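The values are calculated or read from the model by the stated rules, or taken from the named source; none is laboratory data. A quick note: this is a predicted structure, and the numbers were derived from the prediction, not measured. Neighbour counts run over all protein chains shown; Cβ positions are idealised from the backbone, glycine included. Ligands, DNA and RNA are stripped out before the accessible areas are found, and what is left, the full protein with its side chains, is counted by its heavy atoms. Shrake-Rupley method; radii C 1.70, N 1.55, O 1.52, S 1.80 Å.
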Amino acid sequence: MDSLGIPFFIVILIAVAGEAVWSHHKKKGVYNTKESLGNLAILIGNNLLKPLSLAWKYLIFHAVAAYQIFSIPTNATTIVLTFFVAEFAYYWYHRLSHELPLLWTLHHTHHSSPWMNLTTAVRLNWLGSFISPVFFLPFVLVGFSPEILAGSLALGLFYQFFLHTEAVGQLGFFEGWLLNTPSAHRVHHGSNEKYIDKNYGGMLIIYDRLFGTYERETEKVKYGVTTGFLSHNPIKTNFLPLIQYLKGNFKREKANKNTKNLRTMKGRKMKAAKIISVVLLLMLFGWNASQAQDRLANLSEEQKTEMRKNMENHIESLQLTEEQRPEFVAISKKYGNQMLALKESDMSKLSKYRKMKSIGKSRNKEMKKLLTKEQYELYVERQEEAREKMIAEHRN
């Protein structure tokens, strides 16, 4: 929630005020003054750290984007696809934050409150915003837009804010199919034995269905953690679990329950198989992409002739002036020769592709200085068309 900015404070205040009125009127007692003030202090801390966390996200996303295997275009279809990819990445980040003790020391902050209300949603560890972006890097490398991934995550976090409430009951046939619900998320915050390590989804619940971690709300939820109440102090809430872990005196939730609720060996094998399958699919996707790109650096004489024809057509379509033409030809030949030189290189296919990306960016940078805005836009469009055509020919 810390990444959503000042307008989100207004949403929080209005929603919290409404929930507080509901709680008082219905005598639900879902608020504790000290706890709510502690949650607000944690939110303020996250917003003070926001410039650093945003700079970190920008740094690592754009560092990885320089080596993207594909350049996935932005359109309605890919935006929707990116949203599902972001939810997939969030599911595994969230799940591993429960299953890996070190990550649990950070995520523990969000779960350690024995109360469930909208202020619990902003109770997020101050170090967490520096860890979560790492789980999105594989998808940036594949070719998904860092900006759309970040936007999808922000949308999911905004939606999740409203899941932290008892004011909304179970939603009948909506439960457990597509969207996450307050009921499903109450289960996630439960320390009941049957509720631990369940319902990791952000905006969607489908990945919990797919990976066998969905649990319906069937008994009253006991909020908090199995190790009991920690503190109202935001400093202790954020850092005490990590300190205890470093001292060797900290366990994750299931280690504090009896063994009958632990996964069976078969379940562990299935989990491992699913993770390996996802990794292999990503590797295969990346390998096929590098194969296609490698073809671009290994052109036959016929293809070189075709490239020269394409350059002439390019010059014609861009309507270059007499002053632009010789420089355009010089730039095209300069970087074209660099691309062709990769043919004799001993680099791996992925390394060769990275070099091609670097050459292409340098070429486009010079072209952008030479051409008008309209010419450059058309130039980039034609370059993308040519690239897609050659990749399609390689696949056939």
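Okay, here's what the table says:
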item	result
The range 100-111 residues that are farther than 17 Å from Pro133 by Cβ, paired with ones that are open to solvent by 10 Å² or more (accessible area, probe 1.4 Å) and of a type in the set (Val, Ile, Thr) (beta carbon under 7 Å, 6 or more apart)	His108/Val225; His111/Val225
Qualifying residue in the range 185-193 (condition: touching a residue at least 12 places away in the same chain (Cβ under 8 Å) and open to solvent by 30 Å² or more (accessible area, probe 1.4 Å))	yes
Unique match (being buried (at least 17 other Cβ atoms within 10 Å of the Cβ), at pLDDT below 85 and among the small types (Gly, Ala, Ser)) among Ser332, Ser358, Ser348	Ser332
Within the range 199-221, considering residues that are free of Cβ contacts under 8 Å to residues at least 40 places away in the same chain and not hydrophobic (A, V, I, L, M, F, W, C), the one farthest from Ala15 (Cα to Cα)	Arg209
Residue in the range 91-101 that is at pLDDT 95 or above and touching a strand residue (DSSP E or B) at 6+ places or on another chain (Cβ under 9 Å) present	yes
Residue match in the range 379-390 (condition: at pLDDT below 60 and surrounded by 12 or more Cβ atoms within 10 Å (Cβ to Cβ))	yes
Any chance Ser53 is polar (S, T, N, Q), within 26 Å of Val221 (Cβ to Cβ) and under 15 Å from the mean Cα position of the chain (by Cα)	no
Filter pass, Leu153 being open to solvent by less than 10 Å² (accessible area, probe 1.4 Å), at pLDDT below 95, under 15 Å from Phe83 (Cβ atoms) and assigned to a helix (DSSP H, G or I)	no
Count of the range 121-146 residues which are under 17 Å from the mean Cα position of the chain (by Cα) and assigned to a helix (DSSP H, G or I)	16
Residue in the range 219-227 that is over 27 Å from the mean Cα position of the chain (by Cα), of a type outside the set (A, V, I, L, M), within 20 Å of Leu40 (Cα to Cα) and in a loop (DSSP other than H, G, I, E, B) present	no
Any chance Ile196 is open to solvent by 10 Å² or more (accessible area, probe 1.4 Å) and touching a residue at least 12 places away in the same chain (Cβ under 8 Å)	no
